Amino acid sequence: MSATSEPKKTLIRGARLLGGEPLDVLIDGGTVAETGTGLNAPGATVVEAAGQVLLPGLVDLHTHLREPGREDSETVLTGTRAAAVGGYTAVHAMANTFPVADTAGVVEQVWRLGRESGYCDVQPVGAVTVGLEGKQLAELGAMHDSAAGVRIFSDDGKCVDDAVIMRRALEYVKAFDGVIAQHAQEPRLTEGAQMNEGVVSAELGLGGWPAVAEESVIARDVLLAAHVGSRLHVCHVSTAGSVEIIRWAKSKGWNVTAEVTPHHLLLTDELVRSYDPVYKVNPPLRTEADVTALRAALADGTIDCVATDHAPHPHEDKDCEWGAAAMGMVGLETALSVVQHTMVDTGLLDWAGVADRMSFRPAAIGRLHGHGRPVAPGEPANLTLLDPAYRGVVDPAGFASRSRNTPYQGRELPGRVTHTFLRGRATVVDGKLA
Ligand SMILES: NC(=O)N[C@@H](CC(=O)O)C(=O)O
């Protein structure tokens, strides 16, 4: 496979490291050999990168790769190809597969498929409870001790709503510095919910999904995490009230981290007026005030990182009436562009901030070795090069993902990943898979 050909010397010339001054970076084998100006390397492949921004390879804490079980929507191979195109060098694969990733056997299978893909490292997430059913703890220790070395556990797609189970899970993972990533959704408050509860849901007559369904679970969980002295990560934060609770928990010094998706940084529930299920997602698109609060929280660090919640679905599960449609959007191939549009071009975050929120911090939360490292001699050459001046219209026909359910079809977005390097090997060259 071309993506696994031998790495060689590559000289990236004149790229703006984290958006700073132009710099040359020499990659030799799997590592960064040298950085400086006026570097020469006879025989090296030269990438002329004037005007481009060099970032540490992006890390996603929240990707649905769908294998095993739903290979019609995505496989580890197609999902990691999409990740590479999006500038990612590592993704965390969510556990809501068929069978559920709740045993050492399944997480090892996903981990092996990731290694074979060669496009992007795959770190499996283990389920918190058997079958995501919320009743009995899964084999957390065995998944951690497996070859996959699982450190993040999540029932994502479902909430661990039983407080005793959540407490036990938080206590259990302390032994190996693990973290519980909670999908905060109070199930009784969201029965029949179809979209954000508010003015638009009232007008459209669709079942409302109140902000309090998310906020009440986050409030309980930060208290539980503090009580047992463990690590909590909050998945896809979507409301201004959730931000306030997380800010309060952090001010107490509790070990709480949080993510926001690109779509919650840009889109609102006004889009649901179209009744186009491409906008149907869990948690639902919220209001303009929520979007503003989420952007501010990502900028000030209350929300630690951006995570895609890449949720591929085949067209038959999305091209149907709103009520019957599956929830979720693909996101790997557009995430960096949406973050540039919402955070960088608005002046809320500089490129060093993007490196922090999309690489350093997610890698630190996942305790992921070899990723989220500074671009410096001796470090693994996991790198992303992007052209921030590029403007393009999103066309899902060209996606590497097996699914097309993007809310950005036809929308102009800035920026394009030109090159991605995984341990010195180019997985993307000139915007195309190597
Ligand atoms: N985020 C989504 O809208 N969908 C996710 C799981 C989920 O429901 O959270 C999926 O797996 O499709």
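Tell me which residues, restricted to segment 127-170, are open to solvent by 20 Å² or more (accessible area, probe 1.4 Å), charged (D, E, K, R) and assigned to a loop (DSSP other than H, G, I, E, B). Residues satisfying the conditions are Glu133, Lys135, Glu139, Arg151, Lys158, Asp161, Asp162. Residues of segment 52-65 include none that is modelled with pLDDT of 95 or more and at positive phi. Of all residue pairs spaced 6 or more apart or on separate chains, those with beta-carbon atoms under 7 Å, a first member in segment 213-236 that is in the same structural domain as Ile152 (by TED's automatic domain parsing) and charged (D, E, K, R) and a second member that is open to solvent by 20 Å² or more (accessible area, probe 1.4 Å) and within 16 Å of the ligand (Cβ to nearest atom) are Glu214/Gln185.
Across segment 274-319, the qualifying residues are those that are within 15 Å of the ligand (Cβ to nearest atom) and among the hydrophobic types (A, V, I, L, M, F, W, C), and the one among them that is surrounded by the fewest Cβ atoms within 10 Å (Cβ to Cβ) is Val278. Residues that are surrounded by fewer than 24 Cβ atoms within 10 Å (Cβ to Cβ), assigned to a strand (DSSP E or B), assigned by TED's automatic domain parsing to the domain that holds Gly36 and not small (Gly, Ala, Ser): does segment 393-410 have at least one? Yes, that holds for at least one residue. Checking each residue of segment 240-247 against the condition of being open to solvent by less than 20 Å² (accessible area, probe 1.4 Å) and polar (S, T, N, Q) gives at least one match.
Do we have any residue at all in segment 116-126 that's away from the ligand (no atom under 15 Å from the Cβ), modelled with pLDDT under 95 and not polar (S, T, N, Q)? Yes, segment 116-126 has at least one match.
If you go through segment 411-430 and keep only what is crowded, with 17+ Cβ neighbours inside 10 Å and not in a strand (DSSP E or B), you end up with Arg423, Gly424. Only one entry of Val200, Val212 meets the criterion of being assigned to a helix (DSSP H, G or I) and open to solvent by 10 Å² or more (accessible area, probe 1.4 Å), and that entry is Val212. Within segment 80-94, is there a residue that is outside the structural domain of Arg404 (by TED's automatic domain parsing), on the phi > 0 side of the Ramachandran plot and modelled with pLDDT of 95 or more? Yes.
Checking every residue in segment 192-200 against the condition of being touching a Pro at 6+ places or on another chain (Cβ under 9 Å), in contact (Cβ under 8 Å) with a residue 40 or more places away in the chain, away from the ligand (no atom under 16 Å from the Cβ) and not hydrophobic (A, V, I, L, M, F, W, C) gives at least one match.
The residues listed here are Val160, Val107; of these, the one that is within 14 Å of the ligand (Cβ to nearest atom) and modelled with pLDDT of 95 or more is Val160. Quick one: would you say Ala258 is more than 18 Å from the chain's Cα centre (by Cα) and either away from the ligand (no atom under 16 Å from the Cβ) or not β-branched (Val, Ile, Thr) (or both)? Spelling it out, it is not the case that Ala258 is more than 18 Å from the chain's Cα centre (by Cα) and either away from the ligand (no atom under 16 Å from the Cβ) or not β-branched (Val, Ile, Thr) (or both).
The values are calculated or read from the model by the stated rules, or taken from the named source; none is laboratory data. Not measured: the values here are computed from a predicted model. Here Cβ is always computed from backbone atoms with ideal geometry, including for glycine, and neighbour counts include all displayed protein chains. For the accessible areas, the whole protein counts, side chains as well, though only heavy atoms, and no ligand, DNA or RNA atoms are used. Shrake-Rupley method; radii C 1.70, N 1.55, O 1.52, S 1.80 Å.
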